[in-house]
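Below you'll find the structure, written out as structure tokens, and then a few comments.
No value in this document is a laboratory result; all are computed from the given coordinates. This is a predicted model, so every value here is computed, not measured. Using ideal geometry, Cβ is built from the backbone for each residue, glycine included, and neighbour counts are taken over all protein chains shown.
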Amino acid sequence: MNVARRNLGCLAAGWMVGLCLVLSAGCASSSSQKVYDRYAQLVAQRSQAAAPAASAAQPAPQAPAAARPASPKPAPAAKPPTRPETPAASRPAAPERPAPAPAPAPVQIVAPKPVAPPPARPAAAAAPAPEEIPALADAGYQLKVGDGVQIFLRGIPGGEVIEDVIDEAGMITLPFINEILAAGSSASELERNIRQTYLDQDIYRNITVNVVVPTRFYFIQGEVRAPGRFQIMSATRVSQAIAASGGYTEFASGKVVVKRKGKIVKEIKNARRLERSPEDDLLLEPDDVVEVLRSWF
């Protein structure tokens, strides 16, 4: 409606401008009077024709509309234009996706199976038997003639303590069993022998025996780092005695002399090589003296 009014106004203004120009031109000559009249008539006709069109263009007054809801409904979204389907033959093939790599299997640690030793091959000839080497280690100090011992008998009424000296026959005397061999046995062996004798003869049914040997010592002197007196705790040999005294000094010759009751019982020319000649590694007894001689060269 506003556009129609605007067009109508523009048209009327154009006609008015043209009319003014015609009137101004008609004033100069009388011949233009006819043109002016004709132009005015045309303008009047067009004005009359435009008036009903403008009135028809105006909308009729409408009744007041009912109250609308506060929130208008959103307009439906426009559907995207459908694309024409292309035949399956003309469609590009979708790139194949690589198959996922399989998960690594858990590593199982398998213990190696024990390998059986190969069967022994029969020897072509019997090997010569190795030479027997005398044993160096003893279970303990071996009692000998002249050693004093203390024997404790427990678990019997009153208990008893016997002190005795091993006689020339190697025997000691005990209550109810008289003599029993002691020489050549260690203290623990003598304990077992005494207890078993009491049980076998049915003298006591429950008895405990303890044998105590008085402390004995050996002596080492000469070219060792710590000469002196050493207690015999167990079976001790010459090489062990030298090691217990700190070893040789720089002046030691390696020659060793073992004295027993003032007499030389063993003379070792090279004690540094006793591991090669174990028969020279003498077992020491109480009050033995080991002397490491000095080198003069």
- Query: For segment 161-297, with only Lys/Arg (+1) and Asp/Glu (-1) charged at the beta-carbon, what is the dipole magnitude about the Cα centre, in debye rounded to 20?
  - Reply: 760 debye
- Query: Taking 0.36 nm per intervening residue step and subtracting the Cα-Cα distance, what contour gain separates residue 6 from residue 162 on full extension?
  - Reply: 40.8 nm
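Would you work out the charge dipole size for segment 148-212 about its Cα centre, treating the Cβ of every Lys and Arg as +1 and the Cβ of every Asp and Glu as -1, and quote it to the nearest 20 debye?
In debye, rounded to 20, segment 148-212 gives about 340.
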- Item | Leading residue at positive end of dipole, segment 141-219 (Cβ point charges), from 166, 211, 178 | 211
- Note on the structure: Relative contact order in percent for segment 217-294 (Cα pairs under 8 Å, 6+ apart) equals 43 percent
